[in-house]
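Novice: Have a look at this one before I ask anything.
The values are calculated or read from the model by the stated rules, or taken from the named source; none is laboratory data. Bear in mind that the values here come from a model prediction, so they are computed numbers and not experimental data. Neighbour counts are summed over all protein chains in view; Cβ atoms, including those assigned to glycine, are modelled from backbone coordinates with ideal geometry.
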Amino acid sequence: MATTPGDTDTSVLPGSVLVIGACGQLGLELVAALRQRYAPHLVVAADVRPPKNPEMLAGGPFELLDVLDRTRLDKLIRQYRPKQIYHLAALLSATAEKNPLFGWQLNMDGLLIVLEAAVAHGVAQVYWPSSIAVFGPDTPRDHTPQVTIMNPNTVYGISKLAGEQWCEWYHRKHGLDVRSLRYPGLIGYKSLPGGGTTDYAVDIYHKAVAGSTYECFLEEDTYLPMMYMPDALKATLDLMHAPAEQIKVRTSYNLGAMSFSPAEITASIQKHIPGFEVTYKPDGRQQIANSWPASIDDSKARQDWGWQPDFDLDKMTADMLLHLKEMQP
Ligand code: AKB
C-alpha cells in the first residue's frame, strides 16, 4: 500500500527498518524512499563510515556498523527492533576482482551474519540484492532466462550466486522471509556508484553535463542490462510489499528495464548535447562485461508480483541531464 510522504504505513510496517550499506549508490536513495514511505525516524541508516554528504541521510537515525561485527549488529537490532533489514553492503564486481579474499569475506560472511541475526532476533523480512553478475560466459546472453546455466567467473558473481542459494536455504529451513532481485547496472543522478563494471553509464552523464569528453572503459558495442534508479527503487519496494504467497522465487528474481551499448547511450546524450564526444579505452572491466548477459528475461517478476519498468534509455537520458544540469554549481 502506498502512503503519502511522511505518513507512517503502520499496516505494513509496525516497527522500524534497518538499512545496512546506507551510504552506497543504492543505499542513499533507498533510505530516502523508505523515509518517504514510512516516517523518517523509523528508518535507521547504517554504514561502516559516516556519509560523505550527511544532508542526504539527514532527518533520521544514522549508526556506524561494520556488517562483519555481529556483536554491534545484535546491539543495533536490540536497540531499534527492526521488522525489516535491507542488507546492501558489498564490494562490487571490479573492486572484488582486485581484492578477491576481502570481496568474498564481506559479500559472503556479511550476508550470513545478517541472515543468522535476523533468525535469532525474529526480524520479519530481509532484503538482499543479487546481480546480473550471477551469470557467466556459458549463459545465453540475450534475454537471459530466470533459470539457466550460471557459471559466473568473477568473485562478485560467485559470491552473489552462493548468496542466492543461502537466501533460499534460510527461507526453506527457517521460514525467513528473505527476498532478492538480480539488479542490472543502476543509473542515478543523486549518487555515484563505486567499483562496478556498469559505472560508465553514470560517469558518462556527469562528463556530458560538465562539457568534457568521456573516455569509456568498455568497447562501444558492449551491450549490458541497465536500469534507472526510480525503477530500481520501485521494484525493491514492490517486491518487499508484495504478499508472501506471490513470491515464488526465493533465490533472486531477474529484473530488466533496458539494454544498451556505450555507442547507444552516447547517441541518446547527443540528442541533447550534440557536441558531446566519447573515446574508447577498454580495460579489465571489458572481460567482466563480456561474461554478463546483454539483456534479461524478467517475465517471472512481471508474472509473480507485477513488475513493470517506467524508463527506457531516452526517457532516462532526458531526466538524468535535467537533474544533473540543475545540480551544477
Ligand atoms: C557492477 O557493475 O558490479 C554492478 C552490478 C551489475 O551488480 N553494478
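Novice: Just checking, which of Ser130, Ser93 is crowded, with 24+ Cβ neighbours inside 10 Å and not hydrophobic (A, V, I, L, M, F, W, C)?
Specialist: Numbers: Ser130 fails: crowded, with 24+ Cβ neighbours inside 10 Å.
Just one listed residue meets the conditions, Ser93.
Rundown of residues vs (1) within 12 Å of the chain's Cα centre (by Cα); (2) away from the ligand (no atom under 15 Å from the Cβ), yes/no style:
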residue	(1), (2)
Tyr189	no, yes
Gly196	yes, no
Gly211	no, yes
Tyr223	no, no
Met227	yes, no
Ala244	no, yes
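Novice: Tell me which residues, restricted to the range 247-270, are part of a loop (DSSP other than H, G, I, E, B), under 20 Å from Pro230 (Cβ atoms) and free of Cβ contacts under 8 Å to residues at least 60 places away in the same chain. Even if it seems obvious, please write down each step before you answer.
Specialist: Here is the first cut: in the range 247-270, the ones part of a loop (DSSP other than H, G, I, E, B) are 247-252, 255-257, 261.
Going one step further and asking which of them are under 20 Å from Pro230 (Cβ atoms), we end up with 255-257.
Selection gives nothing.
Novice: If you scan the range 29-54, which residues turn out to be outside any loop (DSSP other than H, G, I, E, B), out of contact with any strand residue (DSSP E or B) (no Cβ under 6 Å at 6 or more places or on another chain) and either surrounded by fewer than 23 Cβ atoms within 10 Å (Cβ to Cβ) or of a type in the set (Asp, Glu) (or both)?
Specialist: Matches in the range 29-54: Glu29, Ala32, Ala33, Gln36, Pro40, His41, Asp47, Pro54.
Novice: If the requirement is being in contact with a Phe, Trp or Tyr (Cβ under 6 Å, 6 or more places away or on another chain), aliphatic (A, V, I, L, M) and touching a residue at least 40 places away in the same chain (Cβ under 8 Å), which of these qualifies: Ile132, Ile113?
Specialist: Working: Ile113 fails: in contact with a Phe, Trp or Tyr (Cβ under 6 Å, 6 or more places away or on another chain).
Going through Ile132, Ile113 in turn, the sole match is Ile132.
Novice: Still on this structure, please answer the following. Go through the range 124-187 and tell me which strands (runs of 3 or more DSSP E), entirely inside it, have 1 or more residues that are more than 16 Å from the ligand (Cβ to nearest atom) and among the charged types (D, E, K, R). Show your work before the answer.
Specialist: Numbers: elements: 125-127, 177-179, 181-183, 185-187.
Where strands (runs of 3 or more DSSP E) fall fully within the range 124-187 and carry at least 1 residues being more than 16 Å from the ligand (Cβ to nearest atom) and among the charged types (D, E, K, R), they are 177-179.
A quick yes/no check of all residues on (1) in contact with a helix residue (DSSP H, G or I) (Cβ under 6 Å, 6 or more places away or on another chain); (2) of a type outside the set (Gly, Ala, Ser); (3) crowded, with 23+ Cβ neighbours inside 10 Å; (4) closer than 20 Å to Asn254 by Cβ:
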{"position": "Pro145", "(1), (2), (3), (4)": "no, yes, no, yes"}
{"position": "Gly157", "(1), (2), (3), (4)": "yes, no, yes, yes"}
{"position": "Gly163", "(1), (2), (3), (4)": "yes, no, yes, yes"}
{"position": "Lys173", "(1), (2), (3), (4)": "no, yes, no, no"}
{"position": "Thr197", "(1), (2), (3), (4)": "yes, yes, yes, yes"}
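Novice: Could you tell me which numbered condition Ser180 fails, if it satisfies all but one of (1) closer than 14 Å to Val249 by Cβ; (2) out of contact with any helix residue (DSSP H, G or I) (no Cβ under 9 Å at 6 or more places or on another chain)?
Specialist: (2)
Novice: Within the range 178-218, how many residues turn out to be out of contact with any Ser or Thr (no Cβ under 8 Å at 6 or more places or on another chain) and among the acidic types (Asp, Glu)?
Specialist: 2
Novice: Go through (1) more than 24 Å from Lys190 (Cβ to Cβ); (2) modelled with pLDDT of 95 or more; (3) hydroxyl-bearing (Ser, Thr, Tyr) one by one and return the number of the condition Ser11 breaks.
Specialist: (2)
Novice: Which count do you get for residues in the range 70-102 that are within 18 Å of Tyr183 (Cα to Cα) and assigned to a helix (DSSP H, G or I)?
Specialist: 4
Novice: A further question on this structure: Among Glu215, Glu219, which is the only one that is over 21 Å from the mean Cα position of the chain (by Cα), outside any loop (DSSP other than H, G, I, E, B) and surrounded by fewer than 22 Cβ atoms within 10 Å (Cβ to Cβ)?
Specialist: Details: Glu219 fails: outside any loop (DSSP other than H, G, I, E, B).
Testing whether each residue is over 21 Å from the mean Cα position of the chain (by Cα), outside any loop (DSSP other than H, G, I, E, B) and surrounded by fewer than 22 Cβ atoms within 10 Å (Cβ to Cβ) leaves just Glu215.
Novice: Does Leu18 meet the test of being outside any strand (DSSP E or B) and modelled with pLDDT of 95 or more? Lay out the reasoning, then the answer.
Specialist: On the way: outside any strand (DSSP E or B): no; modelled with pLDDT of 95 or more: yes.
Here the answer is no, as Leu18 does not meet what is asked.
Novice: For the range 271-329, enumerate the residues that are in a helix (DSSP H, G or I) and aromatic (Phe, Trp, Tyr). Even if it seems obvious, please write down each step before you answer.
Specialist: Of the residues in the range 271-329, the ones in a helix (DSSP H, G or I) are 285-290, 299-305, 313-327.
Within the range 271-329, Trp305 is the sole residue that qualifies.
Novice: Return the residues of the range 228-246 that are in a helix (DSSP H, G or I) and more than 13 Å from Gln308 (Cβ to Cβ); say none if nothing qualifies. Steps first, please.
Specialist: Taking the range 228-246 as the starting set, the residues that turn out to be in a helix (DSSP H, G or I) are 229-241, 244-246.
Met229, Ala232, Leu233, Thr236, Leu237, Met240, His241, Ala244, Glu245, Gln246 - these are the residues of the range 228-246 that are in a helix (DSSP H, G or I) and more than 13 Å from Gln308 (Cβ to Cβ).
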